[in-house]
Amino acid sequence: MKRKIFMCAVLLSAATQLMAGEPISLNAITAGEFAAKRIAGLNTIEGTSEYAQISDDGTKIVKYSFKTGRESGVLFDVNNTRGEKLDYFDDYQLSPDGQKILIETERKQIYRRSYTAEFYIYEVKTKNLRQLSKEGAQQIPTFSPDNKHIAFVRGNNIFITDGTTEKQITTDGAFNKIINGIPDWVNEEEFGFNNALAWDADGKTLSWIRYDESDVKTYSLQLFRGMNPELSDFDVYPGEYSYKYPKPGEKNSVVSVWSYSLSSGKSLKYDLPLTNDMYVPRIKTTAQANRIILYTMNRHQNELKLYAANPTDGRCSLLIEERVPKYVKEEAMEGITILKDYILFPSDRDGYTKLYLYNKDGKLLRQITNGNYDVTAIYGFDEKTGRTYFQAAAKTPMQREIYVADKNGHVQPLAAADGWNSASFSSDYKYFLNSWSDSNTPFIYTIHDNLGRTIRQVLDNKELIAKLAKFNMLRKQFFKFTTSEGVELNGWLIKPSDFDARKKYPVILFQYSGPGSQQVVDSWNIGSMGNGGIFDYYLTQKNYIVACVDGRGTGARGSEFEKSTYLKLGELESRDQVEAALWLGKQSFVDAERIGIWGWSFGGFNTLMSISEGRKAFKVGVAVAPPTNWRYYDTVYTERYMRTPQENADGYAMNPIARVSEMNSKLLICHGMADDNVQPQNTFEYSEALVQADKDFKELFYTNRNHGIYGGNTRNHLLRQISQWFFDNL
């Protein structure tokens, strides 16, 4: 089984050294001067204890041994090719047999996971490099299991090439109408994938999901010339980008699944039990010829079915049917692992996410994990030994450990140091790369064998630790408290470096609060902007305490806690943030009259809900890119937790716009004008409601910026506005 591990890669910049005691600056933070080193782009090599990685200078793909770390070969070098020549490349993809490599260049992002690029086929033995297609940029090139063909998408149509001859398989693809082989916006965003192609095991047929979004309503984003980058086409008159975006209770794309035979040149439609309002959230290759796996899900998303589908005749047979109260978690669906003879299936059907092993025909063989804790990641199942490798929050919801379960159900830890452990296993499961950090220590990477024994250390962040030590920052502190409703919640806080317990400090409360999320984690990813909370330390050096509380609906505490917000998003989440502020206000070192709250995306939504909850707990609020009425968000995400507006009118009626008369804080709202995810409509409508309710507020819009609000100086400017709003009003 091949796993491609993508980890965010940020190198510590060689910026000018800061003098001891010098305040941390926003410019230094946004320029990456405090970013931790990470290991990126590690690709395991099938059937070996080796991995491939792009060299530090970005010109080579180098093969290494997991055990020794020594270089064992150069797979690709831009300076040593025959045929085409390249100066650089962005990424790569190995063929199943490792003898060919797809080299990616000129990537152009579309949405969160989708992009186009110019791809090249490289033959490892001959060093020959040639363009995949000369007819325009491609999407999702996918090797056939027999290594003979590559399928890709261009202009919403599917093509197959053997490297010499290119054949178009579909002809009906059209922007904003028909999409073949790649998901539409909402399926990509909310089901977390960008490739809807699947070869069968012998490479004789290609299957794909087809999306007919003709009847989905369109949303238009206005675009301007702007800067960094400058869109010169819109120099005088603005332009627009219009795309299909289904909103709750409205029409989704109609999906169907098709197969193409390379030998006959004919296509057929699978006989898959589907209605027009169902989803096909995955299509998977298997190890058997004439068999792929199709997932279907009903619109309520509380029923997930896996089918074995025959690409030669279109017949489908049900393998596994999962029915749970409320909804199937998207993370659980993502963790399903299709193996040669087995299917590894995560489910929270009994209250916690546990692992279940089925045979390839859908018969339940055994439950792999037990206990009242959530499995949070699956690293694989070794069919030779029957051992299952996974990550879990077994000790506390705030930490993660790596475990192995043997075929008899015995579970033992492989990496369980207090903090946050995550792993990347070799293809043969003999070794793994472990990333460990805690809330006060940046990432340390070590190699372990499959018994958990440490082989060697690969990377640490001693330089960053030394740099941060100059600022005398106090360690983050975790705490628990019980609300007036008897709910125990977890939190953390950071105090100023010269903290004086005799004084009373203002507090800035950060939260995200979305279903299944966590911000209270014993990890270097902690903090309002991640990265060890460096932005939060910037605020503490101005004599603020920064705190965070995970309320009801957040993750790693079992399904009852996580799904308690079902059909009423925002009610319990905002209540818990108000309770957090009231509890903090009772602490001897906190000024209860000077507490602020902020958040981004769902955190922005919950900020607005919290400052209009009814109780006066917050003096100041900042909402970045907030949904303000779930009627404006997309179908898949919203209906997973709320069902449709027609079914749950009361739930949808509970939103920041409806509560606007109760808004009782100094409010700043920030939004990107080209946000394809939480569209600016949310802030436009909320600000109008504020005006009509005669509420004072401030709003900032960022030209041509998406949901991440970055590019050029944008992020630096945004964080300065957020900071200054608290400084001026707390």
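Overview of results
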quantity	calculated
Check on Ala405, touching a Phe, Trp or Tyr at 6+ places or on another chain (Cβ under 9 Å) and either among the β-branched types (Val, Ile, Thr) or over 17 Å from Arg282 (Cβ atoms) (or both)	yes
Any hit, the stretch 144-159, residues being free of Cβ contacts under 8 Å to residues at least 40 places away in the same chain and aromatic (Phe, Trp, Tyr)	yes
Strands (runs of 3 or more DSSP E) enclosed by the stretch 244-325 - at least 2 residues per element that are touching a strand residue (DSSP E or B) at 6+ places or on another chain (Cβ under 9 Å) and of a type in the set (S, T, N, Q)	254-261
Looking only at the stretch 83-114, and only at residues there that are under 16 Å from Lys63 (Cα atoms) and β-branched (Val, Ile, Thr), the one that is surrounded by the fewest Cβ atoms within 10 Å (Cβ to Cβ)	Ile101
Among (1) basic (Lys, Arg); (2) over 24 Å from Leu75 (Cβ atoms); (3) in contact (Cβ under 8 Å) with a residue 12 or more places away in the chain - the single one Lys127 does not satisfy	(2)
Arg557 over 20 Å from the mean Cα position of the chain (by Cα), at pLDDT 95 or above and in a loop (DSSP other than H, G, I, E, B)	no
Test: residue in the stretch 601-611 that is more than 28 Å from Gly192 (Cβ to Cβ), buried (at least 22 other Cβ atoms within 10 Å of the Cβ) and among the aliphatic types (A, V, I, L, M)	yes
Residue in the stretch 521-541 that is within 21 Å of Glu485 (Cβ to Cβ), assigned to a helix (DSSP H, G or I) and over 22 Å from the mean Cα position of the chain (by Cα) present	no
Restricting the stretch 28-65 to residues that are among the basic types (Lys, Arg) and outside any strand (DSSP E or B), the residue that is farthest from Asn450 (Cα to Cα)	Lys37
Candidates Trp492, Trp420 - the one that is touching a Lys or Arg at 6+ places or on another chain (Cβ under 9 Å), surrounded by 17 or more Cβ atoms within 10 Å (Cβ to Cβ), closer than 29 Å to Arg366 by Cα and aromatic (Phe, Trp, Tyr)	Trp420
Search result, residues across the stretch 349-373 that are under 15 Å from Glu331 (Cβ atoms) and part of a strand (DSSP E or B)	Lys354, Leu355
Selected residue (criterion: farthest from the chain's Cα centre (by Cα)) from residues of the stretch 565-605 that are closer than 23 Å to Ala658 by Cβ and β-branched (Val, Ile, Thr)	Val578
Number of the condition not met by Asp500 [criteria: (1) over 30 Å from Ser574 (Cα atoms); (2) touching a helix residue (DSSP H, G or I) at 6+ places or on another chain (Cβ under 7 Å)]	(2)
All strands (runs of 3 or more DSSP E) inside the stretch 67-131 with 1 or more residues being over 30 Å from Trp185 (Cα atoms)	71-77, 100-109, 115-123, 128-131
Members of the stretch 208-238 found to be closer than 22 Å to Tyr111 by Cβ and touching a helix residue (DSSP H, G or I) at 6+ places or on another chain (Cβ under 6 Å), listed by number	Leu223, Phe224
Only listed residue being surrounded by 14 or more Cβ atoms within 10 Å (Cβ to Cβ) and among the hydroxyl-bearing types (Ser, Thr, Tyr), chosen from Ser513, Ser484	Ser513
Meets criteria (exposed (fewer than 15 other Cβ atoms within 10 Å of the Cβ) and either over 30 Å from Ala674 (Cα atoms) or in contact with a strand residue (DSSP E or B) (Cβ under 8 Å, 6 or more places away or on another chain) (or both)) for Gly362	no
Qualifying positions in the stretch 326-348 - touching a strand residue (DSSP E or B) at 6+ places or on another chain (Cβ under 8 Å), under 17 Å from Glu562 (Cβ atoms), part of a loop (DSSP other than H, G, I, E, B) and not small (Gly, Ala, Ser)	Val328, Asp348
Meets criteria (out of contact with any helix residue (DSSP H, G or I) (no Cβ under 6 Å at 6 or more places or on another chain), over 23 Å from Ser427 (Cβ atoms) and surrounded by fewer than 16 Cβ atoms within 10 Å (Cβ to Cβ)) for Phe159	no
Neighbours by Cβ (under 7 Å, 6+ apart or cross-chain): first from the stretch 308-335, within 22 Å of Thr644 (Cα to Cα) and at pLDDT 95 or above; second surrounded by 20 or more Cβ atoms within 10 Å (Cβ to Cβ) and β-branched (Val, Ile, Thr)	Glu322/Val328
Odd one out for Asn310 among (1) under 29 Å from the mean Cα position of the chain (by Cα); (2) buried (at least 17 other Cβ atoms within 10 Å of the Cβ)	(1)
Count - residues of the stretch 224-270 that are under 26 Å from Arg640 (Cβ atoms), among the β-branched types (Val, Ile, Thr) and surrounded by fewer than 16 Cβ atoms within 10 Å (Cβ to Cβ)	0
Odd one out for Pro506, checked against (1) more than 27 Å from Leu355 (Cα to Cα); (2) surrounded by fewer than 19 Cβ atoms within 10 Å (Cβ to Cβ)	(2)
For Asp650: the one exception among (1) under 19 Å from Leu509 (Cβ atoms); (2) surrounded by fewer than 17 Cβ atoms within 10 Å (Cβ to Cβ)	(1)
Residue that is more than 20 Å from Gly558 (Cα to Cα), in a strand (DSSP E or B) and of a type in the set (Val, Ile, Thr), where the choices are Thr376, Thr388	Thr388
Identity of the residue in the stretch 414-459, part of a strand (DSSP E or B) and charged (D, E, K, R), that ends up nearest to Asn525 (Cα to Cα)	Asp438
Filtered residues of the stretch 115-145 (kept if more than 27 Å from the chain's Cα centre (by Cα), surrounded by 15 or more Cβ atoms within 10 Å (Cβ to Cβ) and of a type in the set (Asp, Glu))	Glu123
Selection within the stretch 206-231 - assigned to a strand (DSSP E or B), over 12 Å from Val257 (Cβ atoms) and either free of Cβ contacts under 8 Å to residues at least 12 places away in the same chain or touching a strand residue (DSSP E or B) at 6+ places or on another chain (Cβ under 6 Å) (or both)	Asp212, Thr218, Ser220, Leu221, Gln222, Leu223
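The values are calculated or read from the model by the stated rules, or taken from the named source; none is laboratory data. Computed from a prediction, not measured in an experiment: that's the story for all the values here. All Cβ positions, glycine included, derive from the backbone under ideal geometry; neighbour counts span all protein chains shown.
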